[in-house]
Amino acid sequence: MFISRIIFRLFPQEVFIRLRGIYRTILETWYAPLSEQKFSRILTEELNISKGSIVFIHSSVDNLNIKFDALRLLEILLETVGVAGTLVFPCWHFTYRAEEYLKSGKVFDVRRSASALGMLSEMARRYPGAKRSLHPINSIVAIGKNAEAITGSHHTDIYPCGEKSPYYLAMQMGGIIAGIGVNANFMSFVHCPEDVMKQKFPIKTRLDQVFEAKIKKEDGTFEIVKTLAAHPQIKNNNINGFLKKNIKKSICRNITVKGNRFFIAHPEELFYSIIELSKENKTIYTEKALIRNT
């Protein structure tokens, strides 16, 4: 478990934010900021992103030590994948428990509900021609050639990370997963095998209730979307610990360049590895996740 995660759990949020600021100051003192050219080389040489790539990106601009304008990040990513490529970002619009959101009766406005997952995700949401899935709690935004195919059916399955989700579809299209400014502990793809396995997955990760949420679509019309919500016990996880112990680095690995965190994962290999490991009761969840599927 990374020190930052321990600090986040032990200290109040304001203390965590202050300590993170101190860490960034130290980082900027020890290392020269990344230039556009160095950042581009990391994308191609370390994360294996190239023309035509489909890339599911997790990010934290705040955690990057760069000397160019952060607004250039999305442009550089788009230049790297080219017109034949597709960028995909998680884009849900709240950070508290999904169950609470769904019970609130709030309307998810696909066009106007801002991303709560950082600057890069929000820039992608605002990008001309971007496609955003209609899912009320796990909305995904995509830009590029396969954007519509990846996001279009997300709301038609009650399992947010199931076989109609952008996670699964991007994997089926040969995509990769990349972290920019974050390590693999932020990778939400790990929930895709769980939703595909459903009750066959050993740990109970979804509540039984099927919720109905009101969605305001881009054309101004409304639609009711049905979905399951995460079980509270999924907070008891250790993704990096699980990956380090059970998954080959050729499938998923964390990368640090001049103090900047990145990761790369190959989702298809990771997907089937997680499924096989779950049959041996090896999962991302700790012993505190006691409730099992029956």
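Couple of notes before you dig in:
- Subset of the stretch 184-228 that is small (Gly, Ala, Ser) and part of a helix (DSSP H, G or I) - its residue that is farthest from Lys249 (Cα to Cα): Ser188
- Annotation note: Cβ proximity below 9 Å between a residue of the stretch 197-209 that is without any contact (Cβ under 8 Å) to a residue 24 or more places away in the chain and not assigned by TED's automatic domain parsing to the domain that holds Asn238 and a residue that is assigned to a loop (DSSP other than H, G, I, E, B) and of a type outside the set (Val, Ile, Thr) (sequence gap 6+ or interchain) occurs for Asp208/Leu228; Gln209/Leu228; Gln209/Ala229.
- Taking the criterion of being touching a Leu at 6+ places or on another chain (Cβ under 8 Å) and either surrounded by 20 or more Cβ atoms within 10 Å (Cβ to Cβ) or modelled with pLDDT under 95 (or both), the only residue of the stretch 194-209 that qualifies is Arg206.
- Selection from the stretch 104-149 of residues that are part of a helix (DSSP H, G or I) and under 28 Å from Asn63 (Cα atoms): Met119, Leu120, Ser121, Glu122, Met123, Ala124, Arg125, Arg126, Ala147
- Selection within the stretch 104-158 - in contact (Cβ under 8 Å) with a residue 24 or more places away in the chain, surrounded by fewer than 19 Cβ atoms within 10 Å (Cβ to Cβ) and hydrophobic (A, V, I, L, M, F, W, C): Val107, Ala116, Met119, Ala149, Ile158
- Between Phe186, Phe211, Phe201, the distinction of being among the aromatic types (Phe, Trp, Tyr) and farther than 21 Å from Lys288 by Cβ belongs to Phe211 only.
- Checked against (1) touching a His at 6+ places or on another chain (Cβ under 8 Å); (2) within 24 Å of Leu73 (Cα to Cα); (3) not hydroxyl-bearing (Ser, Thr, Tyr), Cys161 meets all criteria but (2).
- Of all the residues in the stretch 252-291, those that are over 14 Å from Met187 (Cβ atoms), in contact (Cβ under 8 Å) with a residue 40 or more places away in the chain and part of a strand (DSSP E or B) number 3.
- Checking every residue in the stretch 255-266 against the condition of being within 18 Å of Asn138 (Cβ to Cβ), hydroxyl-bearing (Ser, Thr, Tyr) and assigned by TED's automatic domain parsing to the domain that holds Ser53 gives zero matches.
- Of all residues making up the stretch 72-103, the number that are among the aromatic types (Phe, Trp, Tyr) and in a strand (DSSP E or B): 1
The values are calculated or read from the model by the stated rules, or taken from the named source; none is laboratory data. Nothing here was measured: the structure is a model prediction, and the numbers come from that model. Reconstructed Cβ throughout: ideal geometry from the backbone, glycine too, with neighbour counts over all protein chains shown.
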